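Novice: Sharing a structure below in structure tokens format, with a few things to ask.
The values are calculated or read from the model by the stated rules, or taken from the named source; none is laboratory data. Just so it is clear, the model here is predicted, and its values are computed rather than measured. Glycine also receives a Cβ, built like all others from the backbone with ideal geometry; neighbour counts cover every protein chain displayed. What goes into the accessible areas is simple: the full protein's heavy atoms, side chains included, and nothing from ligands, DNA or RNA. Shrake-Rupley method; radii C 1.70, N 1.55, O 1.52, S 1.80 Å.
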Amino acid sequence: MMDVCALFVSGLRLGLPAEEDDVFEKLERAKIISPTLSGVLKTMKGFRNILVREYGGIDHAIVYKVATTRIEDLEAFRARMVQALQEKEV
């Protein structure tokens, strides 16, 4: 997800992001993603960082719940990126 967003920012020449979350904000300002999707992606990135960096204890029940109930967030991201590619011919 981060790599795809970074490729869009680079390909559309939206500027250099100062921080990881800047890619979402740049895509939002360019109307590539909605404010809602931007917020979801920031939350997903934060959750991923918790899992990868193992900040504190990991509650496996929460991980399972997110993995089984929030798959639509990934589908919405995929669908929007495909649509943006078709619109922008990136």
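Novice: Full extension from ARG29 to GLN86: what is 0.36 nm times the residue separation minus their Cα-Cα distance, to one decimal in nm?
Specialist: On the way: separation 57, 0.36 × 57 = 20.52 nm, distance 1.86 nm.
Value of the extension gain: 18.7 nm.
Novice: Considering only the other residues whose Cβ falls under 15 Å of the Cβ of VAL66, what net charge follows from Lys and Arg at +1 and Asp and Glu at -1?
Specialist: Once all neighbours under 15 Å are counted, the net charge is +1.
Novice: Next question. Apply the Karplus curve 6.51 cos²θ - 1.76 cosθ + 1.60, θ = phi - 60°, to the phi angles in segment 13-30 and return the couplings in whole Hz, x for Gly and Pro.
Specialist: Coupling constants for segment 13-30: 6, 8, x, 7, x, 7, 9, 4, 5, 4, 4, 5, 5, 5, 5, 5, 4, 7 Hz.
Novice: I'd like the FRET efficiency for LEU51 and LEU12, computed as 1/(1 + (r/R0)^6) with the beta carbon distance as r and R0 of 35 Å, rounded to 0.05. Before the final figure, lay out the partial values.
Specialist: Working: r = 29 Å, r/R0 = 0.84.
Once the sixth-power term is evaluated, E becomes 0.75.
Novice: Let me ask something additional. How far is helix 71-88 tilted, in degrees, relative to the longest principal axis of the Cα atoms in the chain, given as a value from 0 to 90 rounded to the nearest 10?
Specialist: Helix 71-88 sits at roughly 10 degrees to that axis.
Novice: Still on this structure: Can you work out the base-10 log of I(q)/I(0) for the chain at q = 0.11, 0.20, 0.25 1/Å, using the Debye formula on its C-alpha atoms alone?
Specialist: Listed by q, the Debye log ratios stand at -0.34, -0.96, -1.30.
Novice: Averaged per residue, what accessible area in Å² does the chain show with a 1.4 Å probe, protein chains only?
Specialist: Computed with neighbouring chains in place, this is 69 Å² per residue.
Novice: Residue-wise, which Karplus ³J(HN,Hα) couplings in Hz belong to segment 31-37, taking 6.51 cos²θ - 1.76 cosθ + 1.60, θ = phi - 60°, and x for glycine or proline?
Specialist: 6, 7, 10, 7, x, 5, 5
Novice: Give me the percent of the accessible area of the chain that comes from carbon and sulfur atoms, probe 1.4 Å, all protein chains in place.
Specialist: The value for the chain is 57 percent carbon and sulfur by accessible area.
Novice: Determine the dipole magnitude for the chain: charges of +1 sit on the beta-carbon of Lys and Arg, -1 on that of Asp and Glu, nothing else is charged, the reference point is the Cα centre, and the result goes in debye to the nearest 20.
Specialist: In debye, rounded to 20, the chain gives about 120.
Novice: Suppose a student asked you for the relative contact order of the chain, using Cα pairs under 8 Å spaced at least 6 residues apart; what percent would you report?
Specialist: Numbers: 39 pairs, mean separation 23.8, N = 90.
Once divided by the residue count of the chain, the mean separation gives 26 percent.
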